[in-house]
1. When only residues in region 179-204 that are in contact with an Asp or Glu (Cβ under 8 Å, 6 or more places away or on another chain) and surrounded by fewer than 19 Cβ atoms within 10 Å (Cβ to Cβ) count, which is nearest to residue 355 (Cα to Cα)?
2. Being in a helix (DSSP H, G or I) and within 24 Å of residue 353 (Cβ to Cβ) is the filter here, so list the residues in region 26-45 that pass it.
3. Identify all residues within region 90-125 that are in a strand (DSSP E or B) and out of contact with any helix residue (DSSP H, G or I) (no Cβ under 7 Å at 6 or more places or on another chain); write none if there are none.
4. Residues of region 345-365 being free of Cβ contacts under 8 Å to residues at least 24 places away in the same chain and either under 22 Å from the mean Cα position of the chain (by Cα) or under 25 Å from residue 201 (Cβ atoms) (or both), which ones?
5. Basic (Lys, Arg), surrounded by fewer than 16 Cβ atoms within 10 Å (Cβ to Cβ) and within 30 Å of residue 359 (Cβ to Cβ): is that true of residue 167 in this structure?
6. Only one residue in 191, 162, 204, 157 is touching a Ser or Thr at 6+ places or on another chain (Cβ under 9 Å) and β-branched (Val, Ile, Thr), so which one is that?
7. Could you look through region 208-264, keep only residues that are charged (D, E, K, R) and touching a residue at least 40 places away in the same chain (Cβ under 8 Å), and pick out the one that is surrounded by the fewest Cβ atoms within 10 Å (Cβ to Cβ)?
8. Among the residues of region 269-279, are any over 18 Å from the mean Cα position of the chain (by Cα), modelled with pLDDT of 95 or more and not in a strand (DSSP E or B)?
Amino acid sequence: MSRVLLLGSYAPSLVLFRAPLLKALVQAGHEVVASAPDEDSSIAGAMEQLGVRWAPIDFERNKVQPVQDLVLVRRLRAHLRDIQPDRLITYTIKPNIYGGWAACSEDIPSAAMITGLGTMFMNPGIRRGIAQRMLRKAVRHHDRVFFQNGDDRDDLVNAGVVEDASKIVMTAGSGVDLEKYPVQSLPDRPVFLMLARLLVAKGVREYLEAAAILKEKHPDAVVRLGGMEDPGSGGVPMSEIQQAVEDGVIEYLGHVDDVQAALSQCSIYVLPSWHEGTPRSVLEAMSTGRAVITTDARGCRETVEDGRNGLLVPLRDPHALSNAMHRLASDSALRIKMGIESRNIAQDCFDANQVADVMLRSLNL
């Protein structure tokens, strides 16, 4: 039996995205500890139900600040000394970098999950170069690097961030809990749903524009948007969302706690994102038997076989997005057929239990 520490940067993601992995580790007989900034009072209870020890550690999750974050490395080293794990698994950028540095200093084996490359790695410039060098240093210690799509893998290999290809393990995203998201019957009318943080890079503006075009052809179509406002520089102002609501273009759901209920009331799921790791919301929609419209972009294209379980549209093209929405709004039989195929693909390719099994075997856990 090993003591395994899973380190992330957002506590709710441990429950929303990592529960199958945590369960698999516990079921394999390991002592499991989870750490992230303590932002949600419900996390401790959720971890206890999973049989996982909750050991929060506070840090700012959104910014990589090389000088200021040296303090975080010292705190992470102390955290590792307190927990004394036999193995560290990290995900998201700051844990992947600084967790790797700390684990190296404390001589603890570690592995990183690349769940998507953020704007720091996507946009050319000095900041990307610095971030690549920082991650390269961490990856030299990580003995496994898990990727969710080939584009992210190729970018980091070509940039020299991952120098040893034998460390690379591909997974089908984080997978989806097929039991938690069972097949649900479809509404008779076309009901579109997008769930995402209200970011420009998630394609929120394209969705709003496409919805306005669609409503001219299909006034009976329902277009719903759920997600939290993001106050950062990449956020879509709430005034734009409210204007679309006032114009009768969309229904805004705000933050959605009950994702299953929201999915049960839609017939087509839409995510026009510019880039993802592998979008969990799309996998959840597929598991419930929904047709999907998403972009032909990294991470997104991995979830849809164009014409089989949904439609792929070009990046940042609201007119193409509207045309795809129009096609599915006009054809209920196609919505049903694609929804069935979505569930089949989710079962065959994206079962979270299979993803967890791949990870545990590659880590000899």
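1. Applying the filter and picking the extreme gives 197.
2. Matches in region 26-45: 26, 27, 43, 45.
3. Selection gives 91, 111, 113.
4. 348
5. Judged against the criteria, residue 167 is not a match.
6. 191
7. 217
8. Taking every residue of region 269-279 in turn, none turns out to be over 18 Å from the mean Cα position of the chain (by Cα), modelled with pLDDT of 95 or more and not in a strand (DSSP E or B).
The values are calculated or read from the model by the stated rules, or taken from the named source; none is laboratory data. Small disclaimer: the values here were computed from a predicted structure and weren't measured. Cβ coordinates were reconstructed from backbone atoms using ideal geometry, including for glycine residues, and neighbour counts include every protein chain displayed.
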